[in-house]
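Below is one structure, written out as structure tokens, with a few remarks after it.
Only the coordinates and a few stated rules stand behind these numbers; no lab work does. It should be emphasised that the depicted structure is a prediction, and the values quoted were computed from it without experimental measurement. All Cβ positions, even for glycine, are placed from backbone atoms using ideal geometry, and neighbour counts span all protein chains on display.
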Ligand code: HXC
Ligand code: NAP
């Protein structure tokens, strides 16, 4: 899978990626660096983001600033912005990517377990958005928010209910501010990925031997999971002016997964050709 955009597409641009030290955040960040951008990455674990920053700088020759922060603490986000401005002058875009999640029957969750996921996903995203948005508006600066949600942000899903609640809130935030802050030239969009293998997601959503029991690719019409570069291509496009007229959109990248699993007759794919021949005969063809 190849990169899609011109090599200098992010020249002189600085993007903040929350949860940028691991998984999909790391992959999207790497592509932004390869396209000439600067990166600010943040998450709770300083050692993880420091290591990623030095690896990415080594691999791409780009500049990465790692600033630890717990996004549930507003003043820590303000500190990330301050550090980013000292190093790079300004932020041009924010990729709200950090999340927390695990599978559980809802009745087994403690209220603290519910809180922890909603707080990381929703509070973390609206705190980051509010802090950066106020900064851009006060400076009369344009900007772009790109928020990573999931397809169950609109369908809902059992067994990941706190995450579904949080992601639904992030989608509402995306659409609301797309309208309200357009007058400041601040766009807001979202991406809803289907399954893209990462250590963080797989260890929490397919723990133990669940990965062997439930192959996510089986639920997907294209019969495969996503490739990180496919997501990075889409994210880069949505963070740049190539997508300047896209505002308030959520782009699904899931190989057709959510539509297939909502389709009343999708299960008919299990019927072999020979049986369709019989069905045709029965109706007199
Ligand atoms: C039930 C659990 C639990 C589990 C933790 N808790 N794990 N309850 N099942 N698997 C409960 C704990 O008992 C505790 O409640 C409360 O949650 C807080 O747990 P801590 O371990 O103290 O929290 P913390 O150390 O802050 O860790 C947060 C975390 C952790 C969310 C639990 O998993 C994390 O750091 N995640 C960050 C990365 C992540 O989740 N990535 C995956 C994103 S994938 P009590 O009552 O005991 O105090 C994703 C994909 C979506 O979003 C779509 C896929 C297609
Ligand atoms: P991941 O590697 O676990 O990424 C989550 C990141 O969030 C981690 O780097 C984590 O770092 C950070 N984080 C968690 N709590 C935080 C907090 N309080 N403050 C700051 N940072 C915090 O998982 P991933 O699979 O790459 O997921 C990335 C995004 O894609 C998430 O929004 C997820 O919901 C979404 N997504 C993933 C998939 C998939 O199949 N992988 C599918 C749909 C959507 P620390 O622990 O260091 O804080």
Expressed in nm to one decimal, what extension gain is obtained for the pair residue 104 and residue 230 from 0.36 nm per residue of sequence separation less their Cα-Cα distance?
42.4 nm
Gain in length, residue 259 to residue 209, computed as 0.36 nm per residue apart minus the alpha-carbon separation, to one decimal in nm?
15.3 nm
Using only DSSP helix segments of four residues or longer, with each worth -39500 (n - 2.57), what per-residue ellipticity at 222 nm results for the chain after dividing by its residue count and rounding to 500?
-13500 deg cm²/dmol
Running a GNM on the chain with Cα contacts under 10 Å, which residue among 70, 273, 115 ends up with the highest mean-square fluctuation?
273
Evaluate the distance, in nm, between pseudo-label points positioned 7 Å from the Cα of residue 75 and of residue 202 along their respective Cα→Cβ axes.
4.0 nm
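So for the stretch 45-130, Kirkwood radius off the Cα pairs, Stokes-Einstein at 37 °C and 0.692 mPa s: how many µm² s⁻¹? Walk me through the numbers before you get to the answer.
Numbers: Rh = 14.8 Å.
Translational D for this selection: 222 µm²/s.
Two-decimal Rg/Rh of the chain from alpha-carbon positions, Kirkwood Rh?
On the way: Rg = 20.5 Å, Rh = 20.0 Å.
Checking Rg against Rh, the ratio lands at 1.02.
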Which order do the peptides 12-25, 79-92 come out in when sorted by mean C-beta neighbours inside 10 angstrom, highest first?
12-25, 79-92
Among 229, 141, 212, which one shows the biggest mean-square fluctuation in a GNM of the chain, springs joining Cα atoms closer than 10 Å?
212
Choose one answer from 97, 147, 185: the residue with the largest mean-square fluctuation in a GNM of the chain with alpha-carbon springs under 10 Å.
185
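How big is the C-alpha Rg of the stretch 210-261 next to the rule-of-thumb value 2.2 N^0.38 Å, as a ratio?
Values: Rg = 14.0 Å, N = 52, 2.2 N^0.38 = 9.9 Å.
Normalised Cα radius of gyration, the stretch 210-261: 1.42.
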So, R0 is 51 Å and r is the distance between the beta-carbons of residue 184 and residue 222; what FRET efficiency does that work out to, to 0.05?
0.85
Taking the alpha-carbon centre of each part, the distance from the stretch 175-229 to the stretch 1-61 in Å is 18 Å
In whole Å, what three semi-axes, largest first, describe the equivalent ellipsoid of the stretch 169-285 built from its Cα gyration tensor (square root of 5 times each eigenvalue)?
37, 21, 13
Please work out the Cα center distance from the stretch 81-97 to the stretch 270-284, rounded to the nearest Å.
60 Å
For a bin width of 10 Å, list the pair-distance distribution of the stretch 99-141 built from all Cα-Cα distances, rounded to whole %.
26, 35, 21, 13, 5
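So how do 71, 171 line up by other beta-carbon neighbours within 10 Å, fewest first? Numbers along the way, then the final one.
Values: 71 25, 171 18.
If I rank by nearby Cβ atoms, fewest first, I get 171, 71.
Please tell me the relative contact order of the chain in percent, rounded to the nearest whole number, where contacts are Cα pairs under 8 Å and at least six residues apart. Intermediate results must be reported in sequence, preceding the final value.
Working: 488 pairs, mean separation 49.9, N = 285.
RCO, the chain: 18 percent.
When 1/r is averaged over all different Cα pairs and the result inverted, which Kirkwood radius in Å belongs to the stretch 100-192?
In the stretch 100-192 this quantity evaluates to 13.9 Å.
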Which value in Å is the Kirkwood Rh of the stretch 6-64 over different Cα pairs?
10.9 Å
